[in-house]
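See below for the structure under consideration.
The values are calculated or read from the model by the stated rules, or taken from the named source; none is laboratory data. Just so you know, these numbers come straight off a predicted model, no measurement behind them. Ideal geometry is used to build each Cβ from the backbone, glycine not excepted, and the neighbour counts take in all protein chains shown. Surface accessibility is based on the protein's heavy atoms, side chains included, excluding ligands, DNA and RNA. Shrake-Rupley method; radii C 1.70, N 1.55, O 1.52, S 1.80 Å.
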Amino acid sequence: MTTRTPTRTIRRTAAPRRLDWIAALILLCIGAGAFYNVVNTIPPIAGSIAGELSEAAYAQRFFASPNVGAVALLLLSVLITTLGGAWFIVRLIYWRFRPMFEPLKVWRQALWAALFVTIGAWLQLNRALTLIMAALVASALVLLEVYLNVRERQE
């Protein structure tokens, strides 16, 4: 298909149909299932809770001895779920604004979004997430993506 503009002719080639959306949908479903399983079946506190605890005592016990395996599984499931969901959003943005794109860029940018959400969840679990911290993490990821794009253009 050829499109004529006043200054130049743009030739668009038909790209082979990719099935990345199936992989993203599988990641989204597996991550959501794992998230549901972790939240509903794994206790957040290592060991047993003796008797009825007040909210303050429960919070103190939680932060004193968290179940590290459960927290790691929770963060991994958040990462996988967000990666699958972010791929669809990033792909929609590319579809709207850039008809020609590289599929690896879509996956990489979806991974940056998933890492941002996962780092934010981890910081929130530690009660260390602030607006400034989120802005610093986001700016670091954006600068990394800009660096990778500049490096790709120079090659």
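Observations on the structure shown:
- When the stretch 27-37 is filtered for residues that are open to solvent by 90 Å² or more (accessible area, probe 1.4 Å) and either without any contact (Cβ under 8 Å) to a residue 40 or more places away in the chain or under 21 Å from LEU92 (Cβ atoms) (or both), only TYR36 remains.
- Every condition in (1) more than 16 Å from the chain's Cα centre (by Cα); (2) open to solvent by 80 Å² or more (accessible area, probe 1.4 Å); (3) over 20 Å from ILE22 (Cα atoms) holds for ARG61 except the one numbered (2).
- Candidate set from the stretch 120-132 (those that are in a helix (DSSP H, G or I) and open to solvent by 70 Å² or more (accessible area, probe 1.4 Å)); member that is nearest to ASN67 (Cα to Cα): TRP122
Yes or no, residue by residue, for (1) outside any helix (DSSP H, G or I); (2) at pLDDT 85 or above:
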{"position": "GLY51", "(1), (2)": "yes, no"}
{"position": "ALA56", "(1), (2)": "no, no"}
{"position": "ILE80", "(1), (2)": "no, yes"}
{"position": "VAL90", "(1), (2)": "no, yes"}
{"position": "TRP95", "(1), (2)": "no, yes"}
{"position": "ARG108", "(1), (2)": "no, yes"}
{"position": "THR118", "(1), (2)": "no, yes"}
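- Among the residues making up the stretch 77-105, those that are loosely packed, with under 12 Cβ neighbours inside 10 Å and within 19 Å of LEU148 (Cα to Cα) are ARG98, MET100, GLU102, LEU104.
- Tabulated pairs, the stretch 136-155, first closer than 13 Å to ALA113 by Cβ, second of a type in the set (Gly, Ala, Ser), C-beta under 9 angstrom, 6+ apart or interchain: VAL137/GLY120; LEU141/ALA113
- Condition broken by PRO99, with the remaining ones in (1) closer than 25 Å to VAL39 by Cα; (2) in a loop (DSSP other than H, G, I, E, B) satisfied: (1)
- Qualifying residue in the stretch 106-116 (condition: more than 30 Å from LEU19 (Cβ to Cβ), open to solvent by less than 70 Å² (accessible area, probe 1.4 Å) and not aromatic (Phe, Trp, Tyr)): no
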